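Structure record follows, encoded as structure tokens.
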Amino acid sequence: MDSSPAEPPPQRKIIHIDMDAFFASVEQRDDPRLRGKPVAVGFAAARGVVAAASYEARRFGVKSAMPSVTALRRCPDLIFVPPRFEVYHIVSQQIRAIFADYTNLIEPLSLDEAYLDVTEDRHGLGSARAIAEEIRARIRTDTGLTASAGVSYNKFIAKLASDQNKPDGICVIPPSKGASFVAGLPVRRFHGVGPVTAAKMEQLGILTGADLRERSIKFLQRHFGSSASYLYGAARGDDLRPVRPDRPLKSVGAERTLDHDITEIDDLIAVLERVVDAAWERVDRHGARGRTATLKIRYADFRQITRSRSIPGGFSDRKAFADAGRELLRAICPVERGIRLVGMTLSGIIPANCEDQTPQTSLPL
């Protein structure tokens with residue numbers, strides 16, 4: 001019987017690819033008149049929201065999720081273009097096809113970013129950096145767009161690195177430099193640290209990765225609960241999460257902010273139908289089926305409610321999903337105050353089977 005110790009698994013080689021200002025860049029690519037100008041994808045309506053901003057617009061402080069009126073105040077020459085999600089989806093599929101030439105271990109985070117585990121050097125390029133550079137070059141050739149890449153030994157640092165030299169840049173962080181790289185970054189840049197957590201950390205005197213590393217696990221558990229282990233490891237450049245090609249989808253949906261408050265049921269149902277169309281298009285795109293349909297309503301005074309309906313076998317078609325939405329909407333009518341936003345979400349996703357694949361060989365970063 002062989003009692004020799006098992007050979008340790010190879011060091012992971014992770015690439016995080018993030019497209020540069022994806023939606024806005026697609027619009028600038030397709031309309032030469034927009035190139036070099038501040039562009040926002042969205043609507044300039046009173047209650048519109050910026051879905052994406054070009055780098056020219058970002059220089060004025062315009063960013064995604066910002067109200068359109070605020071964006072125009074910061075950049076009076078801002079050009080709004082309506083979103084074309086069907087086009088973004090097609091381009092995203094082109095990019096995913098490029099990824100698939102290099103690895104089966106692809107974990108999409110959205111239409112414009114993904115993790116790739118390239119521990120196995122499928123094409124013998126010699127390093128993870130070389131793979132990332134070739135992928136970026138192919139994206140430029142095939143789509144006319146630029147992408148930034150972070151290359152490292154885990155997902156946490158790879159994602160941080162992809163933002164380091166944007167736009168159209170690459171950053172490689174080897175294991176020997178991981179902890180020092182993290183130590184010098186503000187904690188607000190850490191994936192998983194949102195504005196509320198960042199504000200709490202600031203109150204506790206935690207501004208950088210180095211500050212976070214000085215706190216004990218007991219301190220982090222006391223102040224951050226279930227996130228403590230993740231934060232403790234992140235501060236030391238540690239992250240054991242694998243790239244998961246079968247990353248579970250939690251929910252799919254859509255919502256619409258209205259140009260004016262609505263109270264009449266017929267008008268609300270007309271809006272709901274358009275929201276259902278947008279939501280179900282995304283459901284079909286993901287091949288998703290879910291057990292719970294949720295209606296989201298925001299009133300004129302910004303009070304928000306949700307109402308849900310679940311069925312054991314899941315919603316299998318648009319009609320059933322829309323019927324549930326209308327039933328939930330009628331249950332809250334008549335409306336005493338106006339409604340400014342309507343949303344529909346499918347959750348309780350029923351996962352499809354997906355084979356797990358494990359890399360076998362290693363290569364340098």
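Tabulated data for the structure shown
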{"quantity": "Cα→Cβ-extended label distance, 7 Å offset, between residue 101 and residue 260, nm", "calculated": "5.3"}
{"quantity": "Stokes-Einstein D in µm²/s, Kirkwood radius over Cα pairs - segment 251-349 at 25 °C with 0.890 mPa s viscosity", "calculated": "185"}
{"quantity": "Shape metrics for segment 120-271, restricted to C-alpha atoms - Rg then Dmax, Å", "calculated": "20.6, 64"}
{"quantity": "Stokes-Einstein D (µm²/s) once Rh is taken as the Kirkwood radius of segment 183-234 over alpha-carbon pairs, at 4 °C in 1.567 mPa s", "calculated": "122"}
{"quantity": "Candidates 291, 282, 241: whichever shows maximal mean-square fluctuation once the chain is modelled as a Gaussian network with Cα springs under 10 Å", "calculated": "241"}
{"quantity": "Among 169, 313, 42: highest mean-square fluctuation, GNM of the chain, C-alpha pairs under 10 Å", "calculated": "313"}
{"quantity": "Semi-axis lengths, Å, the chain, gyration tensor of Cα atoms, sqrt of 5 times eigenvalues", "calculated": "38, 25, 24"}
{"quantity": "Label-zone membership for segment 61-89, site residue 46, 7 angstrom Cα→C-beta point, backbone N under 13 Å", "calculated": "69"}
{"quantity": "Centre separation in Å (Cα based) which lies between segment 104-133 and segment 191-220", "calculated": "31"}
{"quantity": "Order of 102, 230 - criterion: other Cβ atoms within 10 Å of each residue's Cβ, fewest first", "calculated": "230, 102"}
{"quantity": "Entries in 63/319; 37/200; 250/319; 13/200 that, when Cα-Cα distance is taken, lie over 26 Å", "calculated": "63/319; 37/200; 13/200"}
{"quantity": "Peptides 51-59, 193-201 ordered by average Cβ neighbours within 10 Å, highest first", "calculated": "51-59, 193-201"}
{"quantity": "Mean shadow area of segment 23-83, taken as a quarter of the surface of its Cα convex hull (nm²)", "calculated": "3.3"}
{"quantity": "Exposure proxy ranking, count of Cβ atoms within 10 Å, fewest first, for 176, 92, 152", "calculated": "176, 92, 152"}
{"quantity": "Equivalent ellipsoid semi-axes, segment 149-196, via Cα gyration tensor eigenvalues times 5, rooted, Å", "calculated": "17, 14, 9"}
{"quantity": "Chain lengthening between residue 244 and residue 281 when straightened (0.36 nm per residue, less Cα-Cα)", "calculated": "10.9 nm"}
{"quantity": "Relative pair counts by distance (%), Cα atoms of segment 3-125, 10 Å bins", "calculated": "13, 34, 24, 17, 8, 3, 2, 0"}
{"quantity": "Ascending count of other beta-carbon atoms within 10 Å, so fewest first, for 17, 170, 131", "calculated": "170, 131, 17"}
{"quantity": "Rounded FRET efficiency, nearest 0.05, which uses the C-beta distance separating residue 310 from residue 188 and R0 of 41 Å", "calculated": "0.65"}
{"quantity": "Highest-MSF residue in the chain out of 40, 210, 21 [GNM, Cα springs under 10 Å]", "calculated": "210"}
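Here, each number is a calculation from the coordinates, and none is a lab measurement. Bear in mind that the values here come from a model prediction, so they are computed numbers and not experimental data. Methodologically, a virtual Cβ is constructed for each residue, glycine included, from the backbone with ideal geometry; neighbour enumeration extends over all protein chains shown.
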